[in-house]
Amino acid sequence: MRWAISEVPFVKRLLLGRWLHWSITAVTLAVFVVVILTGIFGTPAGNHNFGIVYVWLVWWALLKIVLIPFLGRFWCSVCPIPAPGEWLQRRAMIQPRPGGRLYTLGRKWPKFLRNIWAQNFGFLAVALFSALILTSPLVTGLVLLAFILVSLVTSLVFERRTFCRYLCPIGGFVGVYSQMAPVAVRIKDPAVCAGHKEKTCYIGSDAGYGCPYFNVPSKMVDNTYCSMCGECLRTCPKDNIAFYVRQPGADLLHTKGRRLDEAFNGLMMLGAAFVYSVVLIGPYGWLKATARAVGTPGWFVYAGVLLIFNAVAVPGLFWLCVRLGQALSRKPAARTGAGGARTPGRRDSLFADYAAILVPLGLAIWVAFTLSFTLINLSYAWPALSDPFGWGWNLFGTAQMAWTPYVSGLIPYLQVPLLLAGLVGAIALALRTARQHGQPAWSAVPVSLFCLAAVVGLLTLYLA
Amino acid sequence: MKRNLFAVMTVLLVLIGLPAGLFGYQAWRTGQLAWAAGVRVVDIVARSPEQGGFAPDHLVLKAGEPVRLRISSADVVHGLNIPGLGVDVKEILPGRVVEVDIKPEKPGRYAFACTRWCSIDHWRMRGVIEVKADAAHPAAQETQTAPLYQKLGVNLDAVWPMDGPRPAQTPSAERAAAASGGLPESLLDPSQRVATAPADAFRQLRADPAHSQLGDGEIWDQVAWAWLHDVKPETLSMAGSLYSRDCAACHGPQGKGDGPAGRNLPGMQKMDATGDGASPPAGPADFTDPARMLNASDVVLQGKILRGGMGTRMPEFGSLYTDDELWAMVQYIRTFLFQPAGK
């Protein structure tokens, strides 16, 4: 069940043109410039610094609560970090070069890194310093500046958006959770694609560039690596690609052939939501201070615990649940490999297939976590807008607006249904996974209990 | 190509024009403010002492020059007190800017200090404004006199005996007020009493046959009355505010020497109140301790507040307090042991 919204003439014109994405990117780039400047030169007081407030409060809330759930990976197509590199790579901003030519050294990204493992470990590496990054404008400014420089160099050396596809620590989870989005770019008729040998959607044409994310649209079955930048819509001479509105989470209905790196991302993000909930918004001031004291013995202990919890304990526990469910089914492991072909004996594949149930749950958890501090602190956005550097400006007359929590009493009433909806989605998906793998329904019980425990644990923390 | 050119120009505007605009606005604003107000603008950034304290912590101004101080905090809440210029900013919130206009007419050195307990080393957060003389504002003749303890030759660091008489109950000026009378002028006149310790006053009265019918407790009440009979409630109130702001963190709100900032001060280990090496003090002075307070004269207490030091990291307040404030503080800390009239 899907509706090709790009068939509406106005929408089509908007998507085929380049001004929409470029305009939004120009705005996000301007905000990004202010973020870096205020981070480096502005007040070190995070709650009065534009960089901290507009990145870790406003942007993060927009990303988690609005963009990912409703527009999937669209943010990536207007993200300011890869924009300068991409513009240099294309030597154009609006009108593409003939044939969609790119000006890079043309190096190929190493094969063993063509996955999101680097993004997963990049996220974990950032997570180790997150208590510092999230509160220090200078560190935030420098980290974002480093991102933009790495992205720039990557764009000039490698093809397309290699940084976004394989390196960006944010892009990994944004891609995985974008499978929940009610929108998607897909082909209309596979037969048309089969008959079109030139594959301009991948290699580019005078009308546009080959897919910046290395996708072949005809093979795309989920949103994970699609930023909806619209290049394939522009380069398809057959008008066989559309922007669809569809059932949320439709990508998750195929429960076979899931990838281990994406599974790990879901588990890691679940663990990270727990750690952040305890460290950043929990009642343990000493823990937050330890997490911020980078380089101290206490911080090394914190870092070790975080890494073990996220990379070993949570995935290990989930793996045990999958194995237990498998044992309950009393059937030999008969899994599927990439491409959907059944591959008997590959237990890791079953693990990866089941891990997809953490996508709806994980997204719900992250939205609930984000709500917990967004509504409380959003009022910092007004003074930071008028006085971005904390230099005593009052550009819009809001510099002296006092901190006021917005509808804080409503937060639990939003969090509880969200987490329960995520749990229901996860259990329903677990049951579907069991069924599609030929297992009895109660094989899904251990992983469902795992999800239940996660929800109960978080609710205890949020409602305490 | 026109479309690309427009896009490139827009992006260049964002990458170059926006930063230039932001910094240019700040430069213009600072200059414009100074021009509009006809003042020189000086930015002072406050950081906890471990991070550098006030920056700058030494300002040189011209006498009669109007100056706008733009004070901000880079970390926690600070305060700023410049007693000599009548500036008392009670709260400098992180990320906010407080503007204060000053116009120092009198050449000299004006100390300033943080007034909020911003860190364990808060007491180190000081600075000085040096106001230079010119033809219109000549330097005043040096009128500063030596502190009283120096004039009287009192050694603040000497170990004084602590084994004098002690009251069995809290001496009360209130109780003594009704029956007061017959006290020698040397105790009633503050200028004559200043070098006398309460324990010596007790001995003097006890030895006086005129008070032979009084018990020891009543004599102690007379001593309390002698010390506090001329203190005004507003003086105690003012001194109480200063005590809460500057002293309570180490000496405790009740003067018991148990304030959280006074624990484990490195300097305390070097102290030996008894001189026998047996019992170094556990913390800052306990103003409720009869042995310590009854054997100390007012000039000793005033001198210690004024000069600080003593190897205990006690800060000096001579540059921040007026003479009246110093003596008011002495009277206030006496009330930890002597109950004033009206209480």
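Worth a mention:
- Residue match in region B:61-68 (condition: at the interface with chain A (Cβ under 10 Å from one of its Cβ atoms), buried (at least 16 other Cβ atoms within 10 Å of the Cβ), touching a helix residue (DSSP H, G or I) at 6+ places or on another chain (Cβ under 7 Å) and without any contact (Cβ under 8 Å) to a residue 40 or more places away in the chain): no
- Residues of region B:136-150 satisfying the condition of being modelled with pLDDT of 75 or more and within 22 Å of the chain's Cα centre (by Cα): B:Thr145, B:Ala146, B:Pro147, B:Leu148, B:Tyr149, B:Gln150
- In region A:396-426, the qualifying residues are those that are outside any helix (DSSP H, G or I) and of a type outside the set (A, V, I, L, M, F, W, C), and the one that is farthest from A:Thr43 (Cα to Cα) is A:Tyr406.
- Test: residue in region A:112-128 that is touching an Asp or Glu at 6+ places or on another chain (Cβ under 6 Å) and either charged (D, E, K, R) or surrounded by fewer than 20 Cβ atoms within 10 Å (Cβ to Cβ) (or both): yes
- Check on B:Asp88, of a type in the set (Asp, Glu), more than 14 Å from every other protein chain (Cβ to nearest Cβ) and over 20 Å from B:Tyr321 (Cα atoms): no
- Of all residues in region B:78-85, none satisfies being touching a helix residue (DSSP H, G or I) at 6+ places or on another chain (Cβ under 7 Å) and surrounded by 13 or more Cβ atoms within 10 Å (Cβ to Cβ).
- Subset of region B:1-41 that is within 21 Å of A:Asp387 (Cα to Cα) and among the polar types (S, T, N, Q) - its residue that is surrounded by the fewest Cβ atoms within 10 Å (Cβ to Cβ): B:Gln32
- For region A:363-410, a residue qualifies if it is over 30 Å from A:Asn265 (Cβ atoms), touching a Ser or Thr at 6+ places or on another chain (Cβ under 6 Å) and away from chain B (no Cβ under 14 Å), and exactly one does: A:Thr404.
- Cβ separations smaller than 9 Å between residues 6+ apart or across chains give the following pairs from region B:6-34 residues that are at the interface with another protein chain (Cβ under 10 Å from one of its Cβ atoms) and more than 16 Å from A:Val35 (Cα to Cα) to residues that are surrounded by 15 or more Cβ atoms within 10 Å (Cβ to Cβ) and among the basic types (Lys, Arg): B:Ala7/A:Arg18; B:Thr30/B:Arg70; B:Leu33/B:Arg68; B:Leu33/B:Arg70.
- Some residue of region A:101-115 being within 13 Å of chain B (Cβ to nearest Cβ), in contact (Cβ under 8 Å) with a residue 24 or more places away in the chain and in contact with a helix residue (DSSP H, G or I) (Cβ under 8 Å, 6 or more places away or on another chain): no
- Helices (runs of 4 or more DSSP H) completely within region A:147-251 that count 1 or more residues being farther than 15 Å from A:Trp75 by Cβ: A:190-194, A:200-203, A:231-235
- Filter result for B:Ala74 (crowded, with 16+ Cβ neighbours inside 10 Å, closer than 30 Å to B:Phe317 by Cβ, at pLDDT below 90 and hydrophobic (A, V, I, L, M, F, W, C)): yes
The values are calculated or read from the model by the stated rules, or taken from the named source; none is laboratory data. In this text the structure is predicted, and so the values were computed from the model without any measurement. Positions of Cβ are generated from backbone atoms using ideal geometry, with glycine treated the same way; all protein chains shown enter the neighbour counts.
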